[in-house]
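First comes the structure, then the notes that go with it.
The values are calculated or read from the model by the stated rules, or taken from the named source; none is laboratory data. The structure displayed is predicted, hence computed values, not measured ones. Don't worry about glycine lacking a Cβ; one is built from the backbone with ideal geometry, like all the others, and counts go over all protein chains shown. All accessible areas refer to the heavy atoms of the entire protein, side chains included, with ligands and DNA or RNA removed. Shrake-Rupley method; radii C 1.70, N 1.55, O 1.52, S 1.80 Å.
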Amino acid sequence: QSALTQPPSASGSPGQSVTISCTGTSNDVGGYNYVSWYQQHPGKAPKLMIYEVSKRPSGVPDRFSGSKSGNTASLTVSGLQAEDEADYYCISYAVSNPVIFGGGTKLTVL
Amino acid sequence: QITLKESGPTLVKPTQTLTLTCTFSGFSLSTSAVGVGWIRQPPGQALDWLALIYWDDDKRYSPSLKRRLTITKDTSKNQVVLTMADMDPVDTATYYCAHRDTAMETFDYWGQGTLVTVSS
């Protein structure tokens, strides 16, 4: 099973909104509402930001939102802040594997 | 409060077998809809899923690494063990274990990770 496709980089200025995409197939992203997004700062473990496409765990700011259309899921960060600068990974459940990762996107706050 | 911690060697030689232990608290692997997974991350690279074990002892492996991996659980000790055979320098990575909520199909709690270097 191929990895999910994410853009290698994204950027925005403080206060702006940025959207990161995660493209799969009908066997993973498009077939299940089990897409999660993780934030990872350098040297730290990943942190769950979004699960089941659009749900936020307790404690995650509502500046972070998730959506899905067809085989592509998206993470939107609104009102960008300096601390949002990190790597972001998507994961999906798939028909053949319980876990498929995206390649990661480095978000830079300009 | 759910916590997980990885332990094992920091250095292994090529061709050796790596054994990593994930010791957790705050949940039981005998409870339904729970699992523990292993994920690794080579330096500067992306996350890569390795294996997953469920409360009912169902086991799933990354297809590309399946022949080298074994995952087991010891419910009484709250531990999950991952072995990876025939280690190679390309297996140098930080190895994470994580709690899997099967209702949400997500890894919601992660350990801090342990760096394993493969070198002679």
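Criterion applied to A:VAL35, A:VAL18, A:VAL53 was being open to solvent by less than 20 Å² (accessible area, probe 1.4 Å) and without any contact (Cβ under 8 Å) to a residue 40 or more places away in the chain, and the one residue passing it is A:VAL53. Restricting attention to segment A:17-37, the residues that are in contact with a Ser or Thr (Cβ under 9 Å, 6 or more places away or on another chain), assigned to a loop (DSSP other than H, G, I, E, B) and of a type in the set (Gly, Ala, Ser) total 4. Can you find a residue in segment B:44-51 that is outside any strand (DSSP E or B) and either among the acidic types (Asp, Glu) or under 15 Å from the mean Cα position of the chain (by Cα) (or both)? Among the residues of segment B:44-51, at least one is outside any strand (DSSP E or B) and either among the acidic types (Asp, Glu) or under 15 Å from the mean Cα position of the chain (by Cα) (or both), which makes the answer yes.
Being without any contact (Cβ under 8 Å) to a residue 12 or more places away in the chain and among the charged types (D, E, K, R) is the filter here; which residues of segment B:96-107 pass it? Selection gives B:GLU105 alone. The combined condition, being more than 26 Å from A:ILE50 (Cα to Cα), assigned to a loop (DSSP other than H, G, I, E, B) and in contact with a Lys or Arg (Cβ under 6 Å, 6 or more places away or on another chain), is not fulfilled by B:SER30. Across segment A:76-110, the number of residues qualifying as open to solvent by less than 10 Å² (accessible area, probe 1.4 Å), away from chain B (no Cβ under 14 Å) and either within 16 Å of B:GLU105 (Cα to Cα) or assigned to a strand (DSSP E or B) (or both) comes to 2.
For segment B:22-54, a tally of residues being touching a residue at least 60 places away in the same chain (Cβ under 8 Å), buried (at least 21 other Cβ atoms within 10 Å of the Cβ) and more than 18 Å from B:SER7 (Cα to Cα) returns 1. Applying the condition of being of a type in the set (Gly, Ala, Ser) and within 30 Å of A:LEU4 (Cα to Cα) to segment B:9-56 and asking which residue is farthest from the other protein chains (Cβ to nearest Cβ) yields B:SER32.
The number of residues in segment B:100-120 being facing another protein chain (nearest Cβ under 10 Å) and open to solvent by less than 40 Å² (accessible area, probe 1.4 Å) comes to 11. From the list A:GLY12, A:GLY70, A:GLY24, the lone residue that is more than 11 Å from every other protein chain (Cβ to nearest Cβ), surrounded by fewer than 16 Cβ atoms within 10 Å (Cβ to Cβ) and over 24 Å from B:TYR95 (Cα atoms) is A:GLY70.
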